[in-house]
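Have a look at the structure below, then the notes.
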Amino acid sequence: MLTNLNSLVWADADHTKINLRGTHAQFGEIPFSADPNDSEAHGRDLFARAVAGEFGPVAEYVAPVKSSDQLRAEAKAARAIAVAAIIVTTSTGKTFDGDETSQTRMARAIIGMQVANAPTITWTLANNSIVDVTVAELTEALILAGQQQAVLWPIPE
C-alpha cells in the first residue's frame, strides 16, 4: 500500500489515469499510475480518492515537448502516407494511382512502349478498371503524380 501520496498529475489530456508518487513500505518512494480500470483494487481505489481530492489537487496534463528529430520523423511518416494516397486524373478522364510504386511502373511501361513502338498498353486504373492507355496518357499521369509528390516532399525544419 502507498502512503504520503504527492505530485499528482493527470497522465493524459482525457483524464483517464493519474500519475503520482507515494511511499511504499518496502521500496521507498515510487511512481504509480492510478487507473479506474486497474486489475488491482488498490489502483482503482487510489484513482477514486485522488479524483475526490483526498490527496490534494491533480495537476493538469502537459504534453511532453517533442524533439526536432521526433517532429521530423512524424512529418516523414505523414508524408509517406500522403504520397501513398496520390491519385491523379489525366485530361482524358482516366484516374491513375500515383504512389511511388505506381510511378515506377508507369516509367517502366513508358520506356518499354517507346522501345517497342507500342501504341497502347493494358493498364489497371485506380478504380481497378482495366483499360488500354497510350504513352501520352501514362506520361501525363506520371508527370501529374510527380508534381503532387513534389508538393508533399519538403519537410519544414
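Brief remarks on what is shown
- Reachable lysines, given that their alpha-carbon falls under 23 Å from the alpha-carbon of Lys66 and they are not under 8 places away in the same chain: Lys17, Lys76
- CD proxy at 222 nm, helix term only [per DSSP H run n ≥ 4: -39500 (n - 2.57); per residue of the chain; nearest 500]: -13500 deg cm²/dmol
- Length-normalised contact order for the chain - Cα pairs under 8 Å, 6+ apart - percent: 16
- With Cα atoms defining each centre, the range 79-157 and the range 5-32 are spaced 54 Å apart in the structure.
- Of all accessible heavy-atom area on the range 50-157, the percent that carbon and sulfur account for (1.4 Å): 60
- Charge tally in the Cβ shell below 15 Å around Glu157, where Lys, Arg are +1 and Asp, Glu are -1, Glu157 excluded: +2
- With all pairs of different C-alpha atoms in the average, the Kirkwood value for the hydrodynamic radius of the range 75-148 is 12.5 Å.
- Along the axis of the charge dipole computed for the range 3-157 (Cβ charges of +1 for Lys and Arg, -1 for Asp and Glu, origin at the Cα centre), the listed residues Ile121, Leu46, Thr101 are led at the positive end by Ile121.
- On a per residue basis, the chain carries 62 Å² of accessible surface, using protein heavy atoms and a 1.4 Å probe.
- P(r) tail fraction, the chain - alpha-carbon pairs more than 28 Å apart, %: 54
- Sparsely packed loop sites in the range 1-53 (the chymotrypsin sites (Phe, Trp or Tyr not before Pro) outside DSSP H, G, I, E and B with at most 16 other Cβ atoms within 10 Å) comprise Phe27.
- Simple point charges give the picture: +1 on the Cβ of Lys and Arg, -1 on the Cβ of Asp and Glu, and for the chain a dipole about the Cα centre of about 340 debye.
- Positive-end residue, the chain charge dipole about Cα centroid, Cβ charges, pick of Ser68, Ser91, Phe27: Ser91
The values are calculated or read from the model by the stated rules, or taken from the named source; none is laboratory data. What you are looking at is a predicted structure, and each value in this text was computed from that prediction instead of being measured. Backbone-built Cβ (ideal geometry, glycine too); neighbour counts: all protein chains shown. Each accessible area value is taken on the protein alone, full model and side chains, heavy atoms only, with ligands, DNA and RNA left out. Shrake-Rupley method; radii C 1.70, N 1.55, O 1.52, S 1.80 Å.
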